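Undergrad: Would you mind keeping the following structure in view while I ask a few things?
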Amino acid sequence: MGEMVVLGSMSIFDRVFLGLDEAGEPVNVVLAERNLLVGGEPGAGKSVALNLIVAHAALSLDCRLVLVDGKRVELGVWKQCADVFVGPSIDEAIRVLKQLQTEMDDRYEQLLATGRRKITPEDG
């Protein structure tokens, strides 16, 4: 915390800083190979957490940022940073998600062909 971040110097494999806990200790999460569910009551900071994660991804050279925001106001501020931004169009969302599924299937085939289970930072 407190160190300067150079644009594009981060990796999606790096820990994402989300803030401080009740004891003042840093809260970081690793996103690679993880699913993340953010929940809480109104005003608890869910949108702040989401925006911190998107900011981290936007600064990571090894991440292609695909954002889907049906309301366009939650992630719309990141539209210029995104490789793909989908608003309220269900047809566009389905098209983009199908493209992502194809990309995932291709990566899984590469991993299977090389006897591996995970993509690592060294894969680029």
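Undergrad: What's the magnitude of the charge dipole for the range 1-103 around its Cα centre, counting Lys and Arg as +1 and Asp and Glu as -1 at the beta-carbon? Answer in Debye, nearest 20.
TA: So the magnitude is around 380 debye.
Undergrad: Which number comes out as Rg/Rh for the range 39-109 once both Rg and the Kirkwood Rh are worked out on C-alpha atoms?
TA: Value, to two decimals: 1.01.
Undergrad: Enumerate the amide H contacts of residue 86 below 5 Å, restricted to partners 5 or more residues apart or on another chain; note that Pro and chain-start residues carry no placed amide H.
TA: The answer is 67, 68, 69.
Undergrad: Share of the chain's accessible area from carbon and sulfur, percent, 1.4 Å?
TA: Whole-percent figure for carbon plus sulfur exposure: 56.
Undergrad: May I ask you to evaluate 6.51 cos²θ - 1.76 cosθ + 1.60, the Karplus curve with θ = phi - 60°, for each residue of the range 64-80 and list the ³J(HN,Hα) values in order in whole Hz, giving x for glycine and proline?
TA: 9, 8, 10, 10, 10, 9, x, 8, 6, 9, 6, 10, x, 5, 9, 3, 5
Undergrad: Next up: Could you give me the ³J(HN,Hα) list for the range 105-121, computed from phi with Karplus coefficients 6.51, -1.76, 1.60 and θ = phi - 60°, whole Hz, x at Gly and Pro?
TA: Running phi through 6.51 cos²θ - 1.76 cosθ + 1.60 with θ = phi - 60° gives 4, 4, 5, 5, 5, 4, 5, 4, 5, 9, x, 10, 10, 9, 8, 10, x Hz.
Undergrad: Skip the ligands, DNA and RNA, and give the accessible area per residue of the range 1-103 with a 1.4 Å probe, whole Å².
TA: 71 Å²
Undergrad: What percent antiparallel are the DSSP beta bridges of the chain, to the nearest 5?
TA: In the chain, approximately 55 percent of DSSP beta bridges are antiparallel ones.
Undergrad: Give me, ordered by chain and number, the residues 5 or more places off residue 10 or on other chains with an amide H under 5 Å from its own placed amide H.
TA: It is 61, by chain and number.
Undergrad: Right, something else. Taking the dipole about the Cα centre of the chain, with the C-beta of Lys and Arg at +1 and of Asp and Glu at -1, give me whichever of 94, 77, 27 is farthest to the positive side.
TA: Of the options given, the answer is 94.
Undergrad: Taking Cα atoms of the chain, Rg/Rh with Kirkwood Rh, to two decimals? Don't skip to the end; give the middle numbers.
TA: Numbers: Rg = 16.2 Å, Rh = 16.5 Å.
The Rg/Rh ratio comes out at 0.99.
Undergrad: When the helices in the chain are scored as -39500 (n - 2.57) per DSSP H run of 4 or longer and the sum is shared across all residues, what 222 nm value do you end up with, to the nearest 500 deg cm²/dmol?
TA: Helix contribution divided over all residues of the chain: -10000 deg cm²/dmol.
Undergrad: Which ³J(HN,Hα) values, rounded to whole Hz and listed in residue order, are derived for the range 31-40 from phi using the Karplus coefficients 6.51, -1.76 and 1.60 in 6.51 cos²θ - 1.76 cosθ + 1.60 with θ = phi - 60°, glycine and proline given as x?
TA: 8, 4, 6, 10, 10, 10, 10, 10, x, x
Undergrad: Show the residues, 5+ positions off or on another chain, whose built amide H is closer than 5 Å to the amide H of residue 18.
TA: 27, 28, 29
The values are calculated or read from the model by the stated rules, or taken from the named source; none is laboratory data. All of these numbers come straight from a predicted model, not from anything done at the bench. Here the Cβ is made from the backbone with ideal geometry for all residues, glycine too, and neighbour counts use every protein chain on show. Note: accessible area is taken over every heavy atom of the protein model, side chains too, but ligands, DNA and RNA are not part of it. Shrake-Rupley method; radii C 1.70, N 1.55, O 1.52, S 1.80 Å.
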